[in-house]
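Have a look at the structure below, then the notes.
The values are calculated or read from the model by the stated rules, or taken from the named source; none is laboratory data. The structure presented is a predicted model; accordingly, all values stated were derived computationally and were not measured. As a convention, Cβ positions derive from the backbone with ideal geometry for all residues, glycine included, and neighbour counts pool all protein chains shown. Just the protein is used for accessible areas: all its heavy atoms, side chains included, with ligands, DNA and RNA removed. Shrake-Rupley method; radii C 1.70, N 1.55, O 1.52, S 1.80 Å.
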Protein chains: 2
Amino acid sequence: MSSKKPKKVNIKYIAKIAGVSPSTVSRALRDDPNANKETKKRILKIAEELDYYPNLLAKGLRSKRTKTIGVILNDLKNPLYYDTIKAIEDKLNEVDYTMILCDSNYSQEMERKNIITMLSKGVDGVILSPVNAKSENIKIIIENNLKAVCIDAVPNYKNINYVYVNHEIASFVATEYLIKNKHQHILLLNGPYQLSSSKAFLKGYLKALKKYSIKPNRALIKYIDLSIESGCEFFKKIYQDRKIVGNINFTSILCLSDLLAIGIYKASHELGFSIPNNYSVIGYDNIFATEYLSPPLTTVHAPKIRVGKYSVDILLEQIEGKDTEFKKIDLEPRLVERGSVKKIS
Amino acid sequence: MSSKKPKKVNIKYIAKIAGVSPSTVSRALRDDPNANKETKKRILKIAEELDYYPNLLAKGLRSKRTKTIGVILNDLKNPLYYDTIKAIEDKLNEVDYTMILCDSNYSQEMERKNIITMLSKGVDGVILSPVNAKSENIKIIIENNLKAVCIDAVPNYKNINYVYVNHEIASFVATEYLIKNKHQHILLLNGPYQLSSSKAFLKGYLKALKKYSIKPNRALIKYIDLSIESGCEFFKKIYQDRKIVGNINFTSILCLSDLLAIGIYKASHELGFSIPNNYSVIGYDNIFATEYLSPPLTTVHAPKIRVGKYSVDILLEQIEGKDTEFKKIDLEPRLVERGSVKKIS
DNA sequence: TTGTAAGCGTTATCAA
DNA sequence: TTGATAACGCTTACAA
């Protein structure tokens with residue numbers, strides 16, 4: 001009876017070649033303690049020779065573990081996430097996990113779809129940058145006992161981990177810095193209104209104004225999309241029509257994202273005004289290349305790499321079942337003084 | 001006989017509730033033509049109410065299709081890839097595919113591991129930025145009939161698709177531009193020696209020199225790691241010790257990657273020389289933010305978004321079985337004139 | 001149009 | 001220490 005090589009080498013086939021049962025092969029491959037050392041060695045050698053690789057779908061189906069982590073982001077285009085993604089991938093690599101990467105494009109519906117995909121794919125955990133802190137989608141995660149870490153927002157639910165970079169502190173620090181440089185009228189370029197980050201950012205801004213008894217002005221608080229283009233276009237509009245900001249002579253601009261700050265740089269090139277002489281600009285995130293802009297962008301650094309590392313750490317620990325307590329980590333951003341803010345004398 | 005809800009809702013359970021067989025449910029869910037419209041509607045409604053989501057592991061195991069694409073890159077840290085990743089993700093989203101993202105860190109061994117993981121996970125196809133065009137790893141892909149598109153290098157195998165941005169043309173165009181601006185001594189900051197891209201890039205550089213009868217000088221051809229730091233450090237060394245470049249008074253620098261170019265910008269800040277007055281710099285890729293540097297970086301634009309789109313298009317077509325012919329796409333980069341190259345008079 | 005039953009490649013349980 | 005067998009949740013002949 002000849003046993004020809006099947007299209008794909010599997011445990012059954014190895015078993016046949018080795019003259020043992022499939023279970024023995026399975027045990028050998030998994031380095032099960034219930035396995036004779038000699039047979040194990042023999043089987044491993046055969047597997048190697050046959051270029052065997054496991055079918056992880058079958059394995060996952062049976063064992064309920066996939067060694068896969070889902071990463072669901074809001075905006076893959078934002079360089080803010082690059083460092084985090086890289087950090088996640090590096091960590092996962094060390095422990096032989098893989099990453100499924102998704103983008104929700106700030107849409108609740110897509111986020112929902114992405115979460116369900118993760119569930120369907122049987123990932124062991126997810127790292128989620130939620131569209132909204134109150135998102136119903138987070139409930140889906142909790143109800144399905146999916147291990148998860150939220151980044152970028154403090155979720156409105158108790159039973160979930162998060163690693164948060166405190167946006168409120170970020171804008172507070174930035175605003176205070178502007179005030180100390182004698183800026184009284186600060187234009188706040190915030191993200192979209194419904195974004196949790198925007199709310200936190202506004203809070204810190206108002207808090208700082210209050211501390212220094214500066215009356216906030218609604219006309220100076222703007223909500224726009226987070227992109228270079230959006231920042232540039234919006235600023236050009238303001239530049240041309242000061243009514244948009246209630247005819248207030250603001251001297252500085254605080255941006256929720258470095259992308260917006262770069263947008264203002266772009267506008268400055270096109271319109272010919274000077275940063276920081278005409279307008280001081282301060283960003284947030286400290287994304288790639290901001291230090292090489294001219295002038296180098298003063299911004300608030302977000303510890304993006306740590307966000308990725310901690311998230312994976314938390315996830316892995318909980319997957320291993322070592323630690324079931326929910327982790328709430330609050331990371332502090334720090335001001336990076338560079339050249340885009342002018343001291344008013 | 002009561003039928004209690006299991007931990008996870010599955011087809012069997014829905015079948016029980018609906019009073020039909022599992023196969024009927026399966027057909028309904030898959031929108032199989034062999035399914036009564038009424039029952040289908042009923043089943044869909046029940047599935048919805050029960051918050052059913054499919055087990056994609058089981059589905060994939062059985063049907064040999066996972067609606068998953070693997071993306072294996074060399075260097076997740078390089079911003080070059082993010083436009084491509086975003087484009088891939090967007091396209092995949094449209095057709096309900098998911099992406100597994102891996103980083104090989106320029107290591108053949110990790111690349112091999114990543115490819116085998118993809119095989120194990122049963123992905124329907126991969127997009128690979130190979131460590132090396134001759135990589136044995138590509139053979140693994142071919143032997144296993146894994147549908148694949150190489151990006152970033154023309155693989156040394158016939159039976160594989162690729163979408164290539166022609167690095168040779170890129171460096172040729174850039175070098176020619178420098179020459180036309182009267183630069184005779186051009187320092188080439190290439191990537192690591194074993195990298196296919198480096199080889200192609202060198203070729204174009206030499207070709208352009210030849211065309212204008214400029215004798216190439218080995219001392220002006222350098223191989224270094226692709227990062228801002230590496231570019232900066234290396235240039236600082238040269239600056240301090242001109243012997244490294246054979247004491248040649250080069251006037252311009254051509255970089256395989258914008259990262260290296262930014263490294264030189266960094267060095268210029270630290271050492272206090274001027275771009276382009278002391279040295280002209282030209283990069284490659286046209287990555288994020290290069291246009292906002294000061295001076296704006298003259299570079300060669302790589303159509304990164306198209307790389308992603310085309311790759312997915314090819315993969316999907318071949319997965320659907322519509323087109324089995326191997327696609328070899330050669331994309332032309334184009335020069336983007338900005339401010340980092342000076343015309344020598 | 002529907003149901004029965006086998007099977008995808010693993011692992012887990014139990015008995016030998 | 002090993003093997004037989006069932007099961008994970010789904011799809012797919014085939015039969016009804």
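Data overview
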{"quantity": "Chymotrypsin sites (Phe, Trp or Tyr not before Pro) lying in DSSP loop within region B:188-289, provided at most 16 other Cβ fall within 10 Å", "calculated": "B:Tyr193, B:Tyr212, B:Phe273"}
{"quantity": "Exam field: A:Asn249 pseudo-label spacings to other copies (7 Å along Cα-Cβ), nanometres", "calculated": "5.1"}
{"quantity": "Quarter of the Cα convex hull surface for region A:167-302, i.e. its orientation-mean projected area (nm²)", "calculated": "7.1"}
{"quantity": "Flagged links, alpha-carbon separation over 31 Å, of A:Lys147/B:Lys41; A:Lys243/A:Lys342; A:Lys12/A:Lys113; A:Lys67/A:Lys327; B:Lys199/B:Lys266; A:Lys41/A:Lys121", "calculated": "A:Lys147/B:Lys41; A:Lys12/A:Lys113; A:Lys41/A:Lys121"}
{"quantity": "10 Å binning of all Cα-Cα separations within region B:11-54, expressed as whole percents from 0 upward", "calculated": "34, 62, 4"}
{"quantity": "For A:Ser120, inter-copy label distances in nm, listed shortest first [label point 7 Å out on the Cα-Cβ vector]", "calculated": "2.4"}
{"quantity": "Å² per residue, accessible surface of the protein assembly as shown at 1.4 Å", "calculated": "46"}
{"quantity": "Computed [θ] at 222 nm, deg cm²/dmol, chain B (DSSP H ≥ 4; -39,500 (n - 2.57); rounded to nearest 500)", "calculated": "-13500 deg cm²/dmol"}
{"quantity": "Chains B and A together, accessible area buried on both sides, 1.4 angstrom probe, square angstrom", "calculated": "4600"}
{"quantity": "Separation in nanometres of the label points that stand 7 Å from Cα toward Cβ, at A:Lys37 and B:Tyr212", "calculated": "6.9"}
{"quantity": "Listed residues A:Tyr53, A:Pro33, A:Ile11: farthest to the positive end of the dipole of region A:11-54 (Cβ charges)", "calculated": "A:Pro33"}
{"quantity": "Where N is the number of residues in the protein assembly as shown, Cα Rg divided by 2.2 N^0.38 Å", "calculated": "1.06"}
{"quantity": "Coordinate range along principal axes, alpha carbons of region B:278-345, Å, largest first", "calculated": "57, 23, 12"}
{"quantity": "Label 7 Å beyond Cα on the Cβ vector: B:Asp31 copy-to-copy distances, nm", "calculated": "4.6"}
{"quantity": "Cα centre as origin, Lys/Arg/Asp/Glu Cβ charges: chain A dipole, Debye", "calculated": "600"}
{"quantity": "Sequence-distant aspartates and glutamates (8 or more away, or on other chains) whose Cα lies within less than 19 Å of A:Lys203", "calculated": "A:Asp152, A:Glu168, A:Glu176, A:Asp225, A:Asp258, A:Asp285, A:Asp330, A:Glu332"}
{"quantity": "In Hz, Karplus ³J(HN,Hα) per residue of region B:285-290 (6.51, -1.76, 1.60; θ = phi - 60°; x = Gly, Pro)", "calculated": "3, 6, 7, 2, 6, 4"}
{"quantity": "Neighbour-limited loop hits for GluC sites (Glu not before Pro), region B:239-345 (at most 16 other Cβ within 10 Å; DSSP other than H, G, I, E, B)", "calculated": "B:Glu320, B:Glu325, B:Glu337"}
{"quantity": "Cα gyration tensor shape of region A:225-345, rounded if a/c is under 1.5, else prolate or oblate by comparing a/b with b/c", "calculated": "prolate"}
{"quantity": "Using a Förster distance of 35 Å, the FRET efficiency for B:Ser21-A:Asn144 (Cβ separation, nearest 0.05)", "calculated": "0.85"}
{"quantity": "Charge-dipole axis of region A:242-345 as Lys and Arg at +1 and Asp and Glu at -1 on Cβ define it, positive-most pick from A:Pro276, A:Ile262, A:His301", "calculated": "A:Pro276"}
{"quantity": "Beta carbon of chain A nearest to the axis of the rotation taking A to B, residue and angstrom distance", "calculated": "A:Ser294, 1"}
{"quantity": "Simple Cβ-charge dipole of region A:167-302, Lys/Arg +1 and Asp/Glu -1, about Cα centre, in debye nearest 20", "calculated": "740"}
{"quantity": "Approximate shape of region B:1-99 as ellipsoid semi-axes (Cα gyration tensor, √5λ), whole Å, largest first", "calculated": "37, 15, 12"}
{"quantity": "Computed Rg/Rh of region B:133-184, alpha carbon atoms with Kirkwood Rh", "calculated": "1.25"}
{"quantity": "In region A:1-104, trypsin sites (Lys or Arg not before Pro) in a DSSP loop with at most 16 other beta-carbon atoms within 10 Å", "calculated": "A:Lys4, A:Lys7, A:Lys8, A:Arg30, A:Lys64, A:Arg65"}
{"quantity": "Kirkwood Rh and Cα Rg combined as Rg over Rh, evaluated for chain B", "calculated": "1.15"}
{"quantity": "Rounded accessible area of A:Leu202 (nearest 10 Å², 1.4 Å probe)", "calculated": "40"}
{"quantity": "Apportionment of accessible area to carbon and sulfur, region B:11-54, percent (1.4 Å)", "calculated": "51"}
